[in-house]
Amino acid sequence: MISSDTKLVLEATVPVVEAALPEITPRFYDRMFTARPELLRDLFNRTNQATGGQPQVLAGAVAAFARLQLEPDAGRMRFIIDRIAHKHASLGIVADQYPIVHEHLFAAIVDVLGEAVTPEVAAAWDELYWEMAHVLIGRETELYRAAGVEPGDVWKSARVVEREQVAPDAVAFALESLDGEPLGAFVPGQYISVQATMDDGARQIRQYSLTGSTSDPAWHISVKLDGEVSSHLHEHVFEGDLMTVSTPFGDLTLPEGDDPLLLASAGIGCTPVIGLLNHLVSTGDTRPITVLHADRSRSRQPHRGDLAQLVDRLPQAELLQWYEHGLATDEATRIGYMDLEGVDIAPDTTALLCGPSGFLGAIRDALLERDVPEDRIHYESFSVMK
């Protein structure tokens, strides 16, 4: 809990720092990677750094945390901390790495804001940083404990036992442990990190949703041809090869109870939905379920047949699909971008959304307009770190 004096300073300075964050965060990463090049080589996603995606995420998280100190919202705070903590745990982040971030982030703040960073201002933002770090370290410790691993000790080898082309630009891998034992339990909707060694020796990491049933001893992931790690897996990994994978993490999980459920996805965002549907089928779930999916075309849709078959096996589930290109073949197929016109949505619906940020924003706004409470809308972005 930050002090009342710090809150006063934050109230006066948040707008200035928030406005400067788009300049601060790239400078922070430049400084940190210059001093610690191994972090960019073996931990941070180089594709997201090159596109500017990761600096944007950091800026948004810092600004949101600062704002929440001034206007507390327990639900929003829990969402932000859980989302970051699960990502950190899947990468094996440990408490000792937070001082490294602190050193270079604050140097970047001083670089950008100069004399505006008085001792009083520096002390307030220092306190804010360590409060955020303390909360995250605590939550990450809980996640490691729940997963039964020591902090940071999340990596192991798995063997590829099956590779299947599930779309022109997507392949599915089935993974098994090296000793024949189950790879480990996971919660439907979670993901694993995959660490791949690039041609230049860098060990790059990306997350992929688990699509199989929790009762299957193998883990199943699908990989779209997009980015450095995914391209490496497409081109170089086949049956019999080894993958370095993490313990499963992720907070986009099924709610308890029997309230209506809406699962909406776009493109490769269907993968967590496939995992959720596999679980719903295996447990004989009878709640009302609406599954919505958007894609460029039927011919490029990953897991098209799997999605339809799983929905058919649920007694109260329906599937509606949108394609940017093509022809509507039946009443459940529409041409264009996804919209909710004509889709029945009960006010007590819980919605789980998976896809790129633009898609998430549009569907979230549409659900809010249909009076679905904000705390019943959950999402997983496939734009950064996925």
With contacts defined as alpha carbon pairs under 8 Å and 6 or more residues apart, what's the relative contact order of the chain in percent? 15 percent
Amide H neighbours of Ser265 under 5 Å, at least 5 residues apart or on other chains, H built in the peptide plane: list them. Leu292, His293, Ala294, Cys354
Can you give the accessible area of Met132, probe radius 1.4 Å, in Å² rounded to 10? 30 Å²
In the chain the accessible area split gives carbon plus sulfur, as whole percent at 1.4 Å, a share of 51 percent
J(HN,Hα) series, segment 163-180, from Karplus relation 6.51 cos²θ - 1.76 cosθ + 1.60, nearest Hz, glycine and proline x: 10, 9, 7, 9, 6, x, 10, 9, 10, 10, 10, 9, 10, 10, 6, 7, 9, x
With all protein chains present and a 1.4 Å probe, the order of Ile100, Ile192 from largest accessible area down is Ile100, Ile192
For segment 161-211: accessible area per residue (Å², 1.4 Å): 40 Å²
By accessible area of protein heavy atoms, probe 1.4 Å, what ranking do Ile345, Ile24 get, highest first? Ile345, Ile24
Need one number: % antiparallel among DSSP beta bridges in the chain, to the nearest 5. 55 percent
For segment 126-277: relative contact order, % (alpha-carbon pairs under 8 angstrom, 6 or more apart): 27 percent
Along segment 190-197, Karplus-curve 3J(HN,Hα) (6.51, -1.76, 1.60; θ = phi - 60°) to the nearest Hz, with x for Gly and Pro, reads 7, 9, 10, 8, 10, 9, 10, 8
Ignoring ligands and nucleic acids, Glu71 exposes an accessible area, probe 1.4 Å, in Å² to the nearest 10, of 130 Å²
Label zone at Asp200, where the point sits 7 Å out along the Cα-to-Cβ direction: segment 1-41 residues whose backbone N lies under 18 Å: 29-41
Inter-probe distance in nm under a simple model that places probes 7 Å from Cα toward Cβ, at Asp312 and Arg67: 4.6 nm
So how exposed is Ser282, as accessible area in Å² (1.4 Å probe, rounded to 10)? 70 Å²
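The values are calculated or read from the model by the stated rules, or taken from the named source; none is laboratory data. What you see is a predicted model, and the numbers here were worked out from it, not measured in a lab. Here the Cβ is made from the backbone with ideal geometry for all residues, glycine too, and neighbour counts use every protein chain on show. The protein model used for the area step is the full one, side chains on, heavy atoms only, and it has no ligands, DNA or RNA in it. Shrake-Rupley method; radii C 1.70, N 1.55, O 1.52, S 1.80 Å.
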